[in-house]
Structure formats: structure tokens, C-alpha cells
Amino acid sequence: MLGNIDDRAGSLNGVRPVVTAVEVTKRWSTTQALSGATFEIGDGVTGLLGANGAGKTTLLGLILGLHRPNSGTITVLGRDPWVAGADVRARLGYAPEHDALPPDVAAHDVVRHLAELHGLPRREATSRASDALWEVGLGEERFRPVGTMSTGQRQRVKLAQAIVHDPELLLLDEPTNGLDPAQRDDMLALIDHVGGDLGMHVILSSHLLEEVERVSASVVILDAGRVVAEGEIADLSRTAPELIVELDRDDGTDPARTLASTLQASGLSVAVEGDRLVVVALEASWVYDVVRDALADGGYSVRRLERRTASLEDVYLARAGSGRTI
Amino acid sequence: MSDRDSDVIAADARARIFEPGYRTYRGVRLGVAHSVWTLARHTAERILGLKRPARYKVLPFAAILIAYLPAIAFIGIVALIPNGLQRLPNLIPGPGRYYGFITAAIVLFAALAAPEALCPDKRSHFLGLYLSSPLNRSTYLLAKAIAVIGVLLLVTLGPPLLLVVGLALQNDGPRSFGAFMETLGQILAAGLSLSLMFGALSLAIPSLTDRRGIASAGSLLLILGSTAITNVIAFGVHGPRNVLALSLGRLPFELALRIFGLNGLSTRFRGGLGSPNGSPLSTVVVVAASVGVTLVAAAVTWWRVVGTEVTR
């Protein structure tokens, strides 16, 4: 018999990472799916971001213990999933990317069946299947065969079967695939609810920056099997905050270059974009004072003064394909 | 305000809407054995068409009916004709010969109903969800094998058991308790061996495809085709006699006959594995062929399920 849910306490105190990977490599015949992936995934919702073929699904397979890494180690909830697969998977929920539900079976029966497979006694499984389907908004539809449901409803059934046994860690592989914008909004709200209100750790695998940014606190970015960035999105976005100064250019002079020279002389890192934009690296709070004084002393006509932080998209574009790691 | 009114208000103040909704699960979590049993039960239900529309029940229950009907008829005959077994010894078969009456039911059940165990999981990609549970590929296959073999026992074990018990209840069965227990043991062994062999075959072919129709046709083709080909080799072109042991339509029943101490030659079983010159194949060859066929079929299933990609 496996331990009960109280075991979760140890992993929720923030001390133990939910998933740890060290130099994990996975090859499929001639294809290098993962190449020395090293990262840690902690509490809350974490986005697993990468283009199609970046290695996200392979990584989920490794977390589930379905594949053995060619080299390196991966630890899930403190255990090696390849060695302790059954115990680890009993504490995981997984919603695959593609349709994976038998069309001729009622949603409630599918969800109950998966609950029992994860170790719940039949009576508990029956009751929790209803609860889980209500939770994802399919309470009234729960006895309908899955094959008669819309794409959005089937995605919800997949989410319900993944949460029915109250897992510690939820793996969602492209959960918004095939959804229209309204359905996608609803699904992301559900994921946010599951990761927040229900207290499950969630790994959200997606190739869509926007949805990862919307619901995830942290992110692991994969590119061609390599981890090119990882950490909290807020931290990654703070990697290179900048001050944008946009100047008027009415008199035919080149004020941007003049200002840039002045600021460089004061020891700041400065770049010029076009003929009106000066980009100043915000390395310290006193940079604002130096820029203010330079603008006042030079009598520049300022159109815009704005602090710009890197978005997740900036981070992704900067890192993906470059082969660099943060 | 009356006393009655104040009671109502007090009751209202205590009222609660009981809607717990989704909540943390603090109960027990059962282990892998529970998962295996759950999947085996679920698969058996699907094979039999239980909890599904009526059209899914027709085939399995027709095969079951065909398997039990002769036993019921024989018991009825013995009930209507006193000392029927003694007066009509050639009409009422023993449990070993009974399989000759239900060969078609067993083959049809194995070929047409059993593919339901594997094909839908692959076709709907549900296998990926199974393998994300505490099950792995080995325990998944174990559960499927338990389900298929268990359901096949309905047609391989149940009917001869019914026949013997039915005859015994009318004092027309084995003459002593020891003989009765020996017959029960033989029925159990024969039923299990038939279920194992047909179970292995009816998992091997469906493991090669995700289409039930193709799996059923392939199973029938293998079972009936191997019988036709080995007959042609042995009787048509006078090839090696032991090739008859690869007749998959007859081999399982031949093994069952040997368990009952009967040879498959024409004196006992017209469809048995008699060689062209009239002598039966040796029991060693029959047992070795049965074990070999079962192991090869199991190995094919294992190879296919292990090789099925669920995430990559």
C-alpha cells in the first residue's frame, strides 16, 4: 500500500524540488531528444516551453518513468522515476497532448477507471470522479460518452482524469491544443485554479509563450533538446531591465547619438536604436538620476521615458537557438 | 414570535449547504495489485460487452451460449432418459470429447471477442494513460492476460464442468468421489491449457494492429489457415508427420484430450492429430508444440507492447 496524501507535506514546504534533472540526455536512434538537460522545478505552476520537437514530451516521458535517460539523473518527488516508477506515477497526474480517451465510454466511467488505477478504492473513485468532473465544469455532462463531446469538453475530461486521484504533481502536455480562444481562456483559468486553489504542482508543457506566461510562475525553456533558460519568470524578465529614452528630432540634428555619448561618458552602458531611441542599461537605481540630469543639462526634447523589462518572449527569442544557458 | 417560530429560526441558523466539491484525498491508496485487478476487471467487462450498448454483447454471449448449449442438452437428455449415459454411451460425451462440440465456439470467442482487450487501447491512445498510472508495460500485459484467460475460461472450463456436475447430480457421472475429483482436476487442467493457448494467440495477433476487424480476421486466418496448411503438408504431400503439431485449430484440443488420457486418433476424436499412417503424435510432441506456440505468441505480444510508443 502506498503512503497517503499527507506525505505531500514534505514536498510543499519549498525545501525539496519537485523535479530535478542533472545532465539528462536522451537519444532516439539518431535523434538527440535531450542533450545534457539540467534544471530544477519547484512549487506551483511551471511552464515547459519550447518549439515542437524541442524535447518537451520526451522530458514528460522521463518524468513519468516511461523512458530511461541515456545519461544523467532525474528525480521526481524525491525518487528516481525509472526505478520507483509505480510509486512515483501513483502521485502524478498526466494529461497527454493528443486525444487519448475511448470514444464509446462515458466521461464518468473513464475518470473513475483512472482513479482506481491510481490506487483509489472503487467507492472513493466513483465519488471523486463526479467531483473532478464538476470541478472542470462537466458536472451535467459527466455521463455522456466521450466521443459525443466537443474538443474543449474532451480536454476537460483529460484534466479531470489527471486530477481525480489528487496527485502531487500534474503533467499537462499542450492542454489547449485544438481549443478556440474562449475555450483556451477557460482552460488556462482552470489550470491556474488547479495550481493555485487545489495546491497541486503543475508542469505545463506548451509551445505557446503567452499561455505559459499567463499561468506559470516559473519556466524551463527547451531548444533542440537543451535547457536554454530556467527559473522564475519574474527573475528571467529582470535579467536585463532597460530605460528607453525617445527623443524628438525636429531640427535635423542627431540628439540620440549626442545623448548616448554624454551618458557613456558618465559610465553607463548605452545603445542607440534608430535615430531617436537611446537604450540605457538599468544597472542601478542612480542611473535614473544620471539620465535625468543629462536630459536637463542638454535641453533635449523628450517624447518618451520608459522602463522596459524583457518579456518571456524576449528571453525565449534571445536564448532559443543560441545554445547559451543562463 | 411564537415558540414554534423561534425553533424554525434556530434550525435555519444551523442549516448548511453540503457541497464539499473537489477536495484533498486523505484515504488509502492501494498498490499495483489493485491497479492490475482494476484493469483486468475492466478489460473482461469490455470483452463481454458489459456496461456497453447491446450490440457489443451479441457476439460474446452468442459464443458462450453455443458453448453451454450442448452441455445443457446432454444433461436434459440424461434427465429425461433414466440411466441415459449407460443406455446411450455413444451419444453423451465425456468432458474430454465434449470439446469436439464446442471447438467453433471457443475459436470464435478467441478470434472475435478477445481483440477487444488490446486494440482499443492502441487505437484511442489510452495505453499512454495506462502507463502514466502505477502500471508499467509488464503489469499492463499481465492484467490483459488475466482478463482474456479469465473470460476464455467461461467457454473452456465452464461447459465441461457443467456437464460433469449435471451428470453427477443425476447419478450418471464418475462412479466414486476420487474419480469425480480426478475428472474435476482434468477439466481444470484442460480448461486452463485451452485458455492459455487461445489467450496467447488472441493477444498476439491484436498486438500487431489497432483494428479489431483486422485482428479478428488475422486470428481466424492463423488458426484455420495453419490447420489447412498442415493438413495439406501431412496428408496431401506426405510431409513430416510432426508438422501436424502446428495446426493451431487442433493443437489446443489435442492437448486437452491428452490431459483426459485420450489420443487424438480417429478412434476417439476424429479431428485429432493423427498422423498420415494412423498413429497419434507423441504426447511429448503435443506438449512441446503447445508450450512453444504459447511462448512464441506471448513473446510476440510482449515485443509489440514494449515497442509501442506512448510518448516521445
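Screening the candidates B:Val36, B:Val32, B:Val107, B:Val58 for the property of being at pLDDT 90 or above and loosely packed, with under 12 Cβ neighbours inside 10 Å yields one hit, B:Val58.
Condition check: surrounded by fewer than 21 Cβ atoms within 10 Å (Cβ to Cβ), under 30 Å from A:Thr57 (Cα atoms) and under 34 Å from the mean Cα position of the chain (by Cα). Does A:Arg214 satisfy that? The answer is yes for A:Arg214. Of the residues making up the range A:116-129, those that are more than 9 Å from chain B (Cβ to nearest Cβ) and surrounded by 24 or more Cβ atoms within 10 Å (Cβ to Cβ) number 1.
Is the range A:23-31 home to any residue that is modelled with pLDDT of 90 or more, closer than 14 Å to A:Val227 by Cα and hydrophobic (A, V, I, L, M, F, W, C)? Yes.
Here B:Pro70 clears all of (1) closer than 22 Å to B:Ile205 by Cβ; (2) away from chain A (no Cβ under 14 Å); (3) modelled with pLDDT of 90 or more except the condition numbered (1). Being surrounded by 13 or more Cβ atoms within 10 Å (Cβ to Cβ) and outside any helix (DSSP H, G or I), is that true of even one residue in the range A:250-257? Among the residues of the range A:250-257, at least one is surrounded by 13 or more Cβ atoms within 10 Å (Cβ to Cβ) and outside any helix (DSSP H, G or I), which makes the answer yes.
Of all residues in the range B:43-87, those satisfying the criterion of being farther than 30 Å from A:Pro102 by Cβ and polar (S, T, N, Q) are B:Asn83, B:Gln86. Restricting the range A:223-235 to residues that are in contact with a strand residue (DSSP E or B) (Cβ under 7 Å, 6 or more places away or on another chain) and in a strand (DSSP E or B) leaves a set whose member that is farthest from A:Val22 (Cα to Cα) is A:Glu232. Looking only at residues in the range A:130-179 that are over 26 Å from the mean Cα position of the chain (by Cα) and within 11 Å of chain B (Cβ to nearest Cβ), the one that is surrounded by the most Cβ atoms within 10 Å (Cβ to Cβ) is A:Val146.
On the basis of being under 21 Å from B:Pro134 (Cβ atoms) and out of contact with any Leu (no Cβ under 7 Å at 6 or more places or on another chain), does A:Ala129 make the cut? Yes; evaluated as a whole, the condition is true for this residue. For the range B:218-255, enumerate the residues that are of a type in the set (Ser, Thr, Tyr) and within 20 Å of B:Leu192 (Cα to Cα). Passing the criteria: B:Ser219, B:Ser247. Scanning the range B:159-212 for residues that are surrounded by fewer than 18 Cβ atoms within 10 Å (Cβ to Cβ) and touching a Phe, Trp or Tyr at 6+ places or on another chain (Cβ under 7 Å) yields a count of 2.
I want to confirm something. Restricting to the range A:94-115 and keeping residues that are β-branched (Val, Ile, Thr) and facing chain B (nearest Cβ under 9 Å), which single residue is farthest from A:Leu60 (Cα to Cα)? Only one residue tops the list, namely A:Val105. Please state which one of A:Gly93, A:Gly61 is without any contact (Cβ under 8 Å) to a residue 24 or more places away in the chain, closer than 30 Å to A:Arg27 by Cα and under 18 Å from the mean Cα position of the chain (by Cα). Unique residue meeting the criteria: A:Gly61.
Evaluated against (1) closer than 29 Å to A:Ala132 by Cβ; (2) more than 14 Å from chain B (Cβ to nearest Cβ); (3) touching a residue at least 24 places away in the same chain (Cβ under 8 Å), A:Val227 falls short on exactly one condition, (1).
Just so you know, in the range A:74-87 the residues that are in contact (Cβ under 8 Å) with a residue 24 or more places away in the chain and more than 9 Å from every other protein chain (Cβ to nearest Cβ) include one that is farthest from A:Leu169 (Cα to Cα), and it is A:Ile74. Here A:Ser71 does not fit the description of being in contact with a helix residue (DSSP H, G or I) (Cβ under 9 Å, 6 or more places away or on another chain), polar (S, T, N, Q) and more than 9 Å from every other protein chain (Cβ to nearest Cβ). Taking the range B:20-67 as the range and being in contact with a strand residue (DSSP E or B) (Cβ under 8 Å, 6 or more places away or on another chain) and either more than 13 Å from chain A (Cβ to nearest Cβ) or in a loop (DSSP other than H, G, I, E, B) (or both) as the test, the residues that pass are B:Leu30, B:Gly31.
Suppose we keep only residues that are more than 24 Å from B:Trp302 (Cβ to Cβ) and among the aliphatic types (A, V, I, L, M) within the range B:177-214. Which one would you say is modelled with the lowest pLDDT? Only one residue fits best here, namely B:Ala179.
Would you confirm whether any residue within the range A:294-313 is within 16 Å of A:Pro241 (Cα to Cα), part of a helix (DSSP H, G or I) and in contact with a helix residue (DSSP H, G or I) (Cβ under 8 Å, 6 or more places away or on another chain)? Yes, the range A:294-313 contains at least one residue that is within 16 Å of A:Pro241 (Cα to Cα), part of a helix (DSSP H, G or I) and in contact with a helix residue (DSSP H, G or I) (Cβ under 8 Å, 6 or more places away or on another chain).
Among the residues making up the range A:272-293, those that are outside any helix (DSSP H, G or I) and surrounded by 12 or more Cβ atoms within 10 Å (Cβ to Cβ) are A:Val272, A:Asp275, A:Arg276, A:Leu277, A:Val278, A:Val279, A:Val280, A:Ala281, A:Leu282, A:Glu283.
The values are calculated or read from the model by the stated rules, or taken from the named source; none is laboratory data. Keep in mind that this is a model prediction, so the values were computed, not measured. Here Cβ is always computed from backbone atoms with ideal geometry, including for glycine, and neighbour counts include all displayed protein chains.
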